[in-house]
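Remarks on the structure that follows.
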Amino acid sequence: MARISSLEKEGEEEEERLKVKVKVKVGLGWIEWARGWLNLIYEMLFQRITASHLQNPMPLPPINDITCVITGSTSGIGREIARQLAESGAHVVMAVRNPKAAHDLIQRWQDEGAGRGLPINIEVMELDLLSLDSVVRFSEAWNARSGPLHVLINNAGIFSIGEPQKFSKDGYEEHMQVNHLAPALLSVLLLPSLIRGSPSRIVNVNSIMHHLGFVDTEDMNVATGKRKYTSLVGYSSSKLAQVMFSSVLHKRLPAEAGINVVCVSPGIVHTNVARDLPKIVQAGYNLIPYFIFNAEEGSRSALFAATDPQVPEYCEMLKADDWPVCAFISHDCRPTNPSEEAHSVETSYRVWEKTLEMTGLPSDTVERLIEGEEVKCRYGAHEG
C-alpha cells in the first residue's frame, strides 16, 4: 500500500510538473508572437536603410551555363527573378499555372532585349501548386530530360487576405499546400536533376512573417478548432513549416550530393497584404510607402541566394556545425536567424515526417532518390 501511495504521489508531482511546463510554453508562445510582430514592424520601418548598401537591380555574376526553374514567375518578385536571370544569360524555366501569361511576358522581354542586344533563353512549363498531381507531372517531365538543374527557386505563394478558409482538391488548406507542401514535394522529386547539376541550390522564397507562425503537426490544416483560422494564421504557419522542412532536408542531403538549401526573406514588398494587419500597422504601411520595397528590390535576396559563390560555403559551414536550421538570407542579403520556433529540432522532424506523409512519399525518399532508385507515392511513380 505504501508503495502504491508513493507511486500515486510521484504521479501527481509529475502531472504538476507537466502543467507548469505547459504554462511556461504558453507564456513563451506569447513572447515569441510579440517578438515576431516587433521584427515585422522593425523590418517595415528600417529595411530600406539596412539594405542601402545593395544595388538595384542586383548585379549578378556570370551565369551563362546554369539552368533555373522558377515557380510563380509571371508576376511580382518571381517575374523580376526570371527576367534578371534570363538577361544575365541563364536558361530560365518559368514553371507557372498560366502558360499564356508567361509566353506574353517572354515575347515582351525578347523584344526589349533585342533592342539592347540581350539574349533571352526562357521556356515555359505548366505547374499548378494547388494540384500535387501537377507537381508530379512537372517533375517527371523535367527529370525525363536527364539534364542538369542548377537552381530551383520556389517562389510561388499565396496570401489570401481576409478570405474564408479554402482547401485544395487534395484536401489540404490552400496556404499550407501552395506555400509548403507542393514546393516540398517539388524539391524532393527534382533531386535527381539537382544532383546532375551539382553544385546546385534550392532557394525557398520565405517571409519575415514566419516569425508569427506556429505549426501543429496534428492539425496542419488548422481545421480541428484548436486554433481559430485566419488567413494570417494560414500564411505564417505555412512559411514556418517551409523553414522547418528545409532545415531537415539540408541535414538529410549528404555533402557529396552537392545540393544546398536556402530560405530567403524578400522584405516587406509593396502589395495589398496590409488589409489583414492590425490597424496601427496598416496606418504605418500606408503612411510610409517610401520604406516598402518594390518587386525588383524584393527579388534581390533570392537572386543573391541563387548566384552568389559564397552561399554554398555558408551552407556547408552550417551543416558541419550541425546548426539546427538551414541557411536563411535576409532582405539585405546577409545571413540571419529565422524565428526561435524554427530552431525546434523536434518539431522540425515532425513537420518533415508529416509532410512526407501528406505528399504520399516514403520516409526514406531522399536517400533512395540520391541512390538513383525508383520512388513511388500515391500521386505517381518517379524514377531517380
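Quick notes on this one:
- Here is the figure for the range 312-342: residues that are under 20 Å from Val215 (Cβ atoms), in a helix (DSSP H, G or I) and not charged (D, E, K, R) total 1.
- Restricting the range 328-344 to residues that are among the hydrophobic types (A, V, I, L, M, F, W, C) and within 25 Å of Ala86 (Cβ to Cβ) leaves a set whose member that is surrounded by the fewest Cβ atoms within 10 Å (Cβ to Cβ) is Cys333.
- Any hit, the range 326-338, residues being in contact (Cβ under 8 Å) with a residue 40 or more places away in the chain, more than 15 Å from the chain's Cα centre (by Cα) and closer than 30 Å to Asp170 by Cβ: no
- Test: residue in the range 214-231 that is within 20 Å of Ser344 (Cα to Cα), in a helix (DSSP H, G or I) and touching a residue at least 24 places away in the same chain (Cβ under 8 Å): no
- Matching residues, the range 215-268, being touching a Phe, Trp or Tyr at 6+ places or on another chain (Cβ under 8 Å), surrounded by fewer than 21 Cβ atoms within 10 Å (Cβ to Cβ) and small (Gly, Ala, Ser): Ala223
- Residues of the range 202-234 that are modelled with pLDDT of 95 or more and among the aromatic types (Phe, Trp, Tyr): Tyr229 alone.
The values are calculated or read from the model by the stated rules, or taken from the named source; none is laboratory data. All values derive from a computational prediction rather than experimental measurement. Here the Cβ is made from the backbone with ideal geometry for all residues, glycine too, and neighbour counts use every protein chain on show.
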